Structures are given as structure tokens and as C-alpha cells.
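The values are calculated or read from the model by the stated rules, or taken from the named source; none is laboratory data. Owing to the predicted nature of the structure, the values given are computational and were not obtained by experimental measurement. So basically every Cβ, Gly included, is an ideal-geometry build from the backbone, and we count neighbours across all protein chains shown. Remember, those area values only see protein heavy atoms, side chains included, never the ligands or the DNA or RNA. Shrake-Rupley method; radii C 1.70, N 1.55, O 1.52, S 1.80 Å.
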Amino acid sequence: MAQSLCKVYLHVVFHVKCTSPVILDKDLERVFAYISQMVKVTGCQVCCTGGVNNHVHVLCQLSRIETISHLVEEMKRNSSRWIKTISPYYKNFSWQGGYGAFSVSQSVVETTKKYIANQKEHHKKVRFEDEYVSFLKSYGIEYDEKYVFSD
């Protein structure tokens, strides 16, 4: 083949460190916009970004030359530094060390976008921990309960 082509949708989830302040409602949209910019800087295409005070969801198309670990590192490292500049409230802000990254089929991209956009309502009924474990189970990912939510 003369060209290298790909279209891989990725759903990334990461959580605020348990000892960190959560993101205030008034700052959520700014944080999502900043994280979206970090995705673009890596050469990936943002489909949507959302979440609630304690965690973020990002749906993007992975660039053919980008790795998942580098993408997540750029999002978390740069947004953490930036969030600390918003207000003294965020002086001790940080993300947990880990993340979840899940492949998304083209056929459910629109459903995934709606799911991410509806996080505020969703989490009135479902705790993040239950949501995340359901992802791990539905993707058949083995995990140790002792460490999956620890800082």
C-alpha cells in the first residue's frame, strides 16, 4: 500500500486523585476545553470531552502515529499544570496515576458522544466506581480491586 490509513476511536477515562480537590462546576467547561486542546496538540481528533467534578471522559480519533500512553500523558500532565493556575483552590490538584482506554466501534460513536454529554445526569444514579468497573468487565479487562481506585 502506498498510504498508511487508520480510523481508531478511543474512549479515555481518568479520575482526580482522592487527596486532590475536585473540579468545581464553574470550571468544568474550561477544563474540558483545555483537555480537548491537548488532544489536538498530539495530532488526534477530539470528538467530545465531558465528565463531572471527579473524572473526565474523552472520545477521540487516535492519530496513526500517536500512542495511547503518550496521548493520556499529554492530557493529564498539561491539564494538571494548567488547572493549578486557575485558582489557589487547585494548589494541590492532581490526577490519579492510571487511566482507562477503551476502543469504540464506528457504529456506537454517536451513542458514546451522548453518554459523555449526559455524565451529570448519569452520575446522579451511578457512582463513578461502578461505572468504571462496568467498563472493565464489559471489555474483559482483568484488574485488582485493591489498586484500581487507589492513588
* Asked: Top mean-square fluctuation among Arg127, Arg64, Arg30, Gaussian network model of the chain, C-alpha springs under 10 Å?
  -> Arg127
* Structure fact -> Sorting Cys44, Ser79, Leu24 by the position of each Cα along the dipole of region 1-85 (Lys, Arg +1; Asp, Glu -1; all at Cβ), the one nearest the positive end of that ordering is Ser79
* Solvent-accessible area of Lys114 with every protein chain in place, 1.4 Å probe, in Å² to the nearest 10 -> 150
* To do: Would you mind listing how long region 1-88 runs along its three principal axes, going by Cα atoms, in whole Å with the largest first?
  => 53, 20, 19
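With all protein chains present and a 1.4 Å probe, how do Val8, Val31, Val148 order by accessible area, largest first? Present the calculation step by step, with values, prior to reporting the outcome.
On the way: Val8 65, Val31 0, Val148 35 Å².
Highest to lowest solvent-accessible surface, that is Val8, Val148, Val31.
Treating the beta-carbon of each Lys and Arg as +1 and of each Asp and Glu as -1, no other charges, what is the dipole magnitude of the chain about its Cα centre, to the nearest 20 debye?
It comes to approximately 400 debye.
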* Structure fact -> Using the Kirkwood formula on alpha carbons, the hydrodynamic radius of region 81-140 in angstrom works out to 14.2
* To do: Using only Cα positions of the chain, each an equal point scatterer, no hydration layer, compute I(q)/I(0) via Debye at q = 0.12, 0.16, 0.18, 0.20 Å⁻¹ and quote the log10 values to two decimals.
  => -0.50, -0.89, -1.14, -1.41
* To do: Under 11 Å from a label point 7 Å along Cα→Cβ of Cys18: give me every residue in region 107-151 with its amide N that close.
  => 146-151
* So between Phe135 and His122, what do we pick up on full extension, going 0.36 nm a residue minus the alpha carbon distance? -> 3.2 nm
